[in-house]
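One structure is given below, encoded as structure tokens.
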Amino acid sequence: MSLKLYNTMTRQKEEFQPRENGKVAMYVCGPTTYNYFHAGNARMFVVFDMIRRYFTYKGYDVRYVQNFTDVDDKIIQRGHVEGMDPLALGQKYIEEYFKDAKALNLLPATIHPKATEHIPEMIKIIQGLIDTGLGYAVDGDVYFAVDQFPNYGKLSGRTLEDMKAGARVEVDERKRHPMDFALWKKAKPGEPAWESPWGEGRPGWHIECTAMSLKYLGAGFDIHGGGEDLAFPHHENEIAQTEGYLKGNTFARYWMHNAFLTINQEKMSKSLGNFFTIRELLVNSPGEVIRFYLLGTHYRSPLDFNDQNLIMAQKGLERLQTSVRLAQEAMKREGSSKKEGSHEELLKAAKEARKAFEKAMDDDFNSALAYAALFELAKTMNANVQEDPVPSHGLAEAQKTLLELGDVLGFDLLHPAQIQVENDEILTEVMDAVMQIRSKSRQKKDWEMADFIRDVLKEKGIVIEDTPQGARWQIKK
RNA sequence: GGCGGCAUAGCCAAGUGGUAAGGCAGAGGUCUGCAAAACCUCUAUUCCUCAGUUCAAAUCUGAGUGCCGCCUCCA
């Protein structure tokens with residue numbers, strides 16, 4: 001039952017050993033809130049949400065911290081463009097984040113700290129770095145001296161020499177080393193600013209994660225995650241400043257990075273402008289479909305985004321939802337099968353699905369492989385659901401397992417829309433009447449009328465299906 | 001220039017030494033007044049190319065080709 005995960009730091013899969021028995025402390029880099037988040041960001045959120053859920057399933061008490069970068073150059077720039085106070089803009093998109101997160105069924109983090117609420121903690125760390133010679137102030141800016149930190153580059157597997165050779169950026173003359181990065185930025189007039197020992201300014205990008213992760217998780221916490229583009233420079237710099245501040249103690253024990261979402265094989269990014277926000281995608285696709293699509297590929301493989309893939313995901317998810325629906329309908333029917341064989345087959349299938357599911361997820365969270373376990377179970381359920389009488393006992397267990405495992409991946413296979421319909425008394429009564437009328441037509445072999453009713457309702461998004469046990473209907477958008 | 005990743009059926013996608021999961025699409029069949037759903041059967045002698053290691057390779061090694069990412073803000 002051991003769980004293996006790929007650690008970017010060591011470039012191999014390692015057995016997960018928590019810092020503290022039975023507990024997992026993880027920090028995931030959250031969004032910079034200057035816009036709605038896009039599908040690429042969503043992949044990261046969904047992947048780590050899935051990881052978090054699986055740890056919980058395994059019995060760990062998970063403390064999950066995801067920050068909001070609510071002050072930074074892009075927010076200031078965007079605020080300027082929109083004629084809005086940058087800090088207010090940052091808050092606005094924090095609120096919008098939660099709307100989209102809900103649609104994707106992302107669990108709220110244990111703590112969602114904001115950069116702007118942790119300035120004093122950051123100043124303290126920066127001061128500590130200056131005191132030990134790892135940081136230096138120049139004209140109101142403060143930089144981290146990378147050549148004073150022995151293992152700079154250990155996460156991304158490069159050396160200062162490598163980077164010097166490949167430097168593509170104009171070097172700020174005031175820096176002691178070209179790769180030195182900002183811990184504190186002096187404010188220009190009109191920019192959001194906080195008082196500090198070096199004058200008015202704002203924190204550099206990396207320092208917030210150091211301050212907030214140390215505050216809420218403490219040194220040497222278990223997992224630090226993010227998109228693979230964060231490995232360098234963001235996480236590299238976090239390691240340097242944090243372990244420098246901690247006098248060499250380990251910052252985080254496992255580093256996890258998800259691969260990108262691509263569009264036409266190219267990285268989807270705000271910089272390239274080739275992105276879709278989740279808000280836009282939600283107009284045509286339910287959040288659960290987007291989620292199903294995002295987890296259908298292992299998190300460390302690139303995933304190409306297009307409409308066809310989204311449609312395939314929708315069909316796949318519907319298959320699982322249909323299976324649950326069929327099982328529920330079957331169990332409502334009278335009687336229970338005497339045939340032990342069906343019970344046995346279902347119980348065995350449930351057991352094997354769980355086993356295969358766990359095996360897949362234990363191997364570096366292979367959600368794509370875990371899907372196969374769900375589909376196999378659904379297939380066995382479907383094959384037994386038509387039996388009359390119904391093997392209720394085995395079916396109930398199988399359905400329970402399918403729902404539970406689906407939930408671990410963040411899918412509600414009970415199909416919320418359907419539940420809503422069932423709670424709508426008027427709709428249910430009207431539909432009962434319509435179904436009776438159609439049933440009469442069919443008894444009189446008035447196929448024209450029966451088909452007409454079916455066609456009209458289909459246009460309204462209500463699908464009627466005739467079965468040996470009678471007709472049934474469901475909402476399908 | 002430095003560092004790293006990927007290449008599996010029409011499409012998506014698992015599989016890292018033992019003889020190709022799963023999904024979507026497609027074909028045939030069962031059921032059905034028809035339709036839908038579901039079920040059954042079929043759909044990669046083969047995993048970018050070439051060479052090598054091995055009893056055995058999609059999996060390991062080397063060379064090559066193609067695509068992508070990081071090195072600058074980026075999930």
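The values are calculated or read from the model by the stated rules, or taken from the named source; none is laboratory data. Owing to the predicted nature of the structure, the values given are computational and were not obtained by experimental measurement. Glycine also receives a Cβ, built like all others from the backbone with ideal geometry; neighbour counts cover every protein chain displayed. These area figures cover heavy atoms from the full protein model, side chains too; ligands, DNA and RNA do not enter into them. Shrake-Rupley method; radii C 1.70, N 1.55, O 1.52, S 1.80 Å.
Considering only residues that are assigned to a loop (DSSP other than H, G, I, E, B), touching a strand residue (DSSP E or B) at 6+ places or on another chain (Cβ under 6 Å) and closer than 24 Å to A:Leu295 by Cα, look in the stretch A:5-32 and name the one that is farthest from RNA strand B (Cβ to nearest atom).
A:Phe16
Are there any pairs, at least 6 apart or on different chains, whose C-beta atoms fall under 7 Å, with the first in the stretch A:18-34 and within 15 Å of A:Lys270 (Cα to Cα) and the second within 16 Å of RNA strand B (Cβ to nearest atom) and among the small types (Gly, Ala, Ser), and if so, which?
A:Thr33/A:Gly90
Do the conditions hold for A:Asn366, that is, is it within 11 Å of RNA strand B (Cβ to nearest atom), in contact (Cβ under 8 Å) with a residue 24 or more places away in the chain and either more than 29 Å from the chain's Cα centre (by Cα) or farther than 30 Å from A:His257 by Cβ (or both)?
The answer is no for A:Asn366.
Could you list, in sequence order, all residues of the stretch A:402-448 that are among the acidic types (Asp, Glu) and modelled with pLDDT of 90 or more?
Within the stretch A:402-448, A:Glu404, A:Asp407, A:Asp412, A:Glu429, A:Asp432, A:Asp446, A:Glu448 meet the criteria.
Of all residues in the stretch A:53-70, how many are open to solvent by 20 Å² or more (accessible area, probe 1.4 Å) and within 16 Å of RNA strand B (Cβ to nearest atom)?
So the count comes out to 0.
Regarding A:Gln91, is this residue surrounded by fewer than 18 Cβ atoms within 10 Å (Cβ to Cβ) and either within 11 Å of RNA strand B (Cβ to nearest atom) or not assigned by TED's automatic domain parsing to the domain that holds A:Leu217 (or both)?
Here the answer is no, as A:Gln91 does not meet what is asked.
Of (1) surrounded by fewer than 19 Cβ atoms within 10 Å (Cβ to Cβ); (2) touching a helix residue (DSSP H, G or I) at 6+ places or on another chain (Cβ under 6 Å), A:Ser392 satisfies all except one. Which?
(1)
Can you find a residue that is open to solvent by 60 Å² or more (accessible area, probe 1.4 Å) and within 11 Å of RNA strand B (Cβ to nearest atom) anywhere in the stretch A:200-220?
Yes; the residues of the stretch A:200-220 include at least one that is open to solvent by 60 Å² or more (accessible area, probe 1.4 Å) and within 11 Å of RNA strand B (Cβ to nearest atom).
Scanning for something within 30 Å of A:Asn105 (Cα to Cα) and in contact (Cβ under 8 Å) with a residue 60 or more places away in the chain, does the stretch A:449-470 turn up at least one residue?
Looking through the stretch A:449-470, none of the residues is within 30 Å of A:Asn105 (Cα to Cα) and in contact (Cβ under 8 Å) with a residue 60 or more places away in the chain.
Does the stretch A:245-262 contain any residue that is more than 14 Å from RNA strand B (Cβ to nearest atom), within 25 Å of A:Leu104 (Cβ to Cβ) and either in a loop (DSSP other than H, G, I, E, B) or not assigned by TED's automatic domain parsing to the domain that holds A:Tyr64 (or both)?
Checked against the condition, which is being more than 14 Å from RNA strand B (Cβ to nearest atom), within 25 Å of A:Leu104 (Cβ to Cβ) and either in a loop (DSSP other than H, G, I, E, B) or not assigned by TED's automatic domain parsing to the domain that holds A:Tyr64 (or both), the stretch A:245-262 yields no hits at all.
Restricting attention to the stretch A:463-470, does a residue exist that is out of contact with any helix residue (DSSP H, G or I) (no Cβ under 7 Å at 6 or more places or on another chain), open to solvent by 40 Å² or more (accessible area, probe 1.4 Å), of a type outside the set (S, T, N, Q) and assigned to a helix (DSSP H, G or I)?
no
In the stretch A:299-313, which residue that is touching a strand residue (DSSP E or B) at 6+ places or on another chain (Cβ under 6 Å) and open to solvent by less than 50 Å² (accessible area, probe 1.4 Å) is farthest from A:Thr8 (Cα to Cα)?
A:Phe305
Quick check on A:Lys185: is it buried (at least 19 other Cβ atoms within 10 Å of the Cβ), under 33 Å from the mean Cα position of the chain (by Cα) and not in a helix (DSSP H, G or I)?
yes
Criterion first (assigned by TED's automatic domain parsing to the domain that holds A:Val47, farther than 25 Å from A:Leu183 by Cβ, buried (at least 18 other Cβ atoms within 10 Å of the Cβ) and touching a helix residue (DSSP H, G or I) at 6+ places or on another chain (Cβ under 8 Å)) does A:Ala115 satisfy it?
Taking the combined requirement at face value, the residue does not satisfy it.
Report, ordered by the first and then the second residue, all pairs with beta carbons closer than 8 Å, sequence separation of six or more or different chains, a first member in the stretch A:271-297 that is assigned by TED's automatic domain parsing to the domain that holds A:Ala368, and a second member that is of a type in the set (Phe, Trp, Tyr) and more than 12 Å from RNA strand B (Cβ to nearest atom).
Once the first residue is assigned by TED's automatic domain parsing to the domain that holds A:Ala368 and sits in the stretch A:271-297, no partner that is of a type in the set (Phe, Trp, Tyr) and more than 12 Å from RNA strand B (Cβ to nearest atom) comes close enough.
Could you tell me whether the stretch A:385-395 includes any residue that is within 14 Å of RNA strand B (Cβ to nearest atom), in the same structural domain as A:Arg319 (by TED's automatic domain parsing) and closer than 30 Å to A:Thr56 by Cβ?
yes
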